[in-house]
Structure formats: structure tokens, C-alpha cells
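The values are calculated or read from the model by the stated rules, or taken from the named source; none is laboratory data. Bear in mind the structure is a predicted one, so any value in this text is a computation, not a measurement. When we count neighbours, we look across all protein chains shown, and the Cβ atoms used for this are built from the backbone with ideal geometry, even at glycine. The accessibility values were calculated without ligands, DNA or RNA, using every heavy atom of the protein model including side chains. Shrake-Rupley method; radii C 1.70, N 1.55, O 1.52, S 1.80 Å.
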Amino acid sequence: MDNKRYYRRVLSIAGSDPSGGAGIQADIKTISACGCYAATAITAVVDENTVGVYDVHTIPEQFVAGQIRSVLDDIGADAIKIGMLHSSRLVLEVKDTLCAYPEIRNIVLDPVMVATSGDPLLEADAVETLREELIPMARIITPNIPEAEILLGEKILSNDALPDAARRLSDKCRGVSVFLKAGHLVEKKLTDYFYNAETGETIAMSSERIATVNTHGTGCTLSSALASFLAIGENMNNAARLAKDYITKAIRSGAGFSIGHGHGPVNHLFDPKPIQ
């Protein structure tokens, strides 16, 4: 009898952050803290810290594809998180590579376009490619408001506009579910919205704004937590709620720390879970 245990596996396809707060490094911490096994395919090596992004060394598209295939052909994945994809060519390469693994349904895509510092991370001509080619393959996307505005082609001016914006973004991206984050608004209470395109439900998830500069990598962290909860077997609504709870607690737990001279990281390991 086979009494071996098996990991719940999450593959992160993203860039590397040497300061440890965002990108692959944040993903590994988050996936591990949520009780899953983290595997990675690195798309770029980014020269950055808590203050800003200084340079990006891109990984050749075929090498990124090779990393993805090496992981999926051997280890497999219960969910995939996709983060920084800097060019149209890379977006198309990732799409073509993942087409060979249609059994992996739990794909969470964080449409990374701008770093917390304000530095661009996605080439302008890659936005349409991302929206038209790769996003429709995902099960859930996790844009912040500036990213949603770029994908929609219009401004989002208030929290009340978010539910309709999430639904319309889903329609524009051929039926993907949307976790729309409210952090860029100025309201004291933040209400993120999850539009579940598979059921037509819209879920409001509120939290008090936490006074801290330690918000580096929050988008990476949320999307990795969401992928982890899907990998564990949670349905989409529960996974969205659990991911919101995780990022809120990680921000709150990290708020009292001082690291670097800019936007520090959240505390990913505030309450690590055992392997599921």
C-alpha cells in the first residue's frame, strides 16, 4: 500500500526580486506559508529594492518555457500563478507552453504592469497581447485599479464603481473571474470585489486601511495566496476570501517593521501553515 503523502503544488511564473519582498521570492514565502509546495519559472532578474527598479535582465523566452515544462512534466501543479511577463513575445511563449497542459485549470494571473515604486514592468505593446492571448486562459486575474483601468481603457473613480468594473473587465477578457483590488483608492475602508464569472456572483471583501509604507509585493502575495488556496481544493469564493484575509494579516503583521528606505515588504510568515 502506498502510504506516501503528496504535496499540493503551486508553480509561480514570475520575475525575481533581490530585496525579497515581491516577485518569485514573495511567491515562495506565500505559497509555503499557505501550506503548499512552491516551484518556480523565472521570467526576469530584476535589479530592485524597496526604493525602486533600476534594471531588468530578461530571460530568453525559450528558457522560460523550458523551466515551465521541466516543472510540469516532472512535478506537475495543482495551480499556477503568473506574474511579471515583460514582453509580447514572452506572453505568447507562456501561452503556447501552457496550452500543452489543459488539465491545469487553476491559473491565477496577476497582470503586473507597474511596481509599487511606480516603475514600469511591462512593455506598452504587451498589454493588448496579455489581454487578448493569455488572460482568457486564466481562471482568475487579480488587477489593482491602475491595471484594471489599462485593461478596460477607462478610469475607475470610486469604490462604488468596482463591482461593475470587475464584471465588465470579465466580459472584455472573455469570461475570466476578476479579483479587483481597491488599495489605490483613498477611502479609509478598503473594499475589494471578487466577481466569480463561473457563478455570476460578486463578493465584497472589506478591511480597514492599515497605516504603513510596507506594501512592497502585495499584489504578488495576494495572487500567490489565491493560487495556493485553489491548489488545496477551496472553491473560488472561499479561496478569494482566504486570500484577502491572508494579505490583510500579512500587511498588519509587517506594519511595525522597518526594512529598507522605501516600501518594505509585508510579513509573509506571520502564521505559517503545515504542508497540506
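Observations on the model:
- Per the listing Y54, Y7, the residue uniquely in contact with a Phe, Trp or Tyr (Cβ under 6 Å, 6 or more places away or on another chain) and not hydrophobic (A, V, I, L, M, F, W, C) is Y7.
- Sole exception among (1) assigned to a loop (DSSP other than H, G, I, E, B); (2) among the hydroxyl-bearing types (S, T, Y); (3) under 16 Å from the mean Cα position of the chain (by Cα) for T40, by number: (1)
- Check on V64, under 16 Å from the mean Cα position of the chain (by Cα), over 30 Å from D271 (Cβ atoms) and part of a helix (DSSP H, G or I): no
- Residue in the range 145-163 that is in a loop (DSSP other than H, G, I, E, B), modelled with pLDDT of 95 or more and open to solvent by 10 Å² or more (accessible area, probe 1.4 Å) present: no
- Residues being among the aliphatic types (A, V, I, L, M), part of a loop (DSSP other than H, G, I, E, B) and open to solvent by less than 10 Å² (accessible area, probe 1.4 Å) - total across the range 1-21: 0
- Identity of the residue in the range 251-269, touching a residue at least 60 places away in the same chain (Cβ under 8 Å) and open to solvent by 60 Å² or more (accessible area, probe 1.4 Å), that ends up farthest from T30 (Cα to Cα): H261
- Test: residue in the range 236-250 that is more than 20 Å from R105 (Cα to Cα) and not in a helix (DSSP H, G or I): no
- Subset of the range 228-250 (residues that are open to solvent by less than 30 Å² (accessible area, probe 1.4 Å) and among the aliphatic types (A, V, I, L, M)): L230, A231, M236, A239, A240, A243, I247, A250
- Hits in the range 67-94 (condition: surrounded by 18 or more Cβ atoms within 10 Å (Cβ to Cβ), of a type in the set (A, V, I, L, M, F, W, C) and outside any loop (DSSP other than H, G, I, E, B)): I68, V71, L72, A79, I80, I82, L90, V91, V94
- Some residue of the range 96-116 being part of a loop (DSSP other than H, G, I, E, B), open to solvent by 50 Å² or more (accessible area, probe 1.4 Å) and of a type in the set (S, T, N, Q): yes
- Search result, residues across the range 179-224 that are part of a helix (DSSP H, G or I) and either surrounded by fewer than 20 Cβ atoms within 10 Å (Cβ to Cβ) or in contact with a Cys (Cβ under 9 Å, 6 or more places away or on another chain) (or both): S224
- Residue count for the range 42-61, restricted to those that are touching a helix residue (DSSP H, G or I) at 6+ places or on another chain (Cβ under 8 Å), within 27 Å of F270 (Cβ to Cβ) and open to solvent by less than 40 Å² (accessible area, probe 1.4 Å): 1
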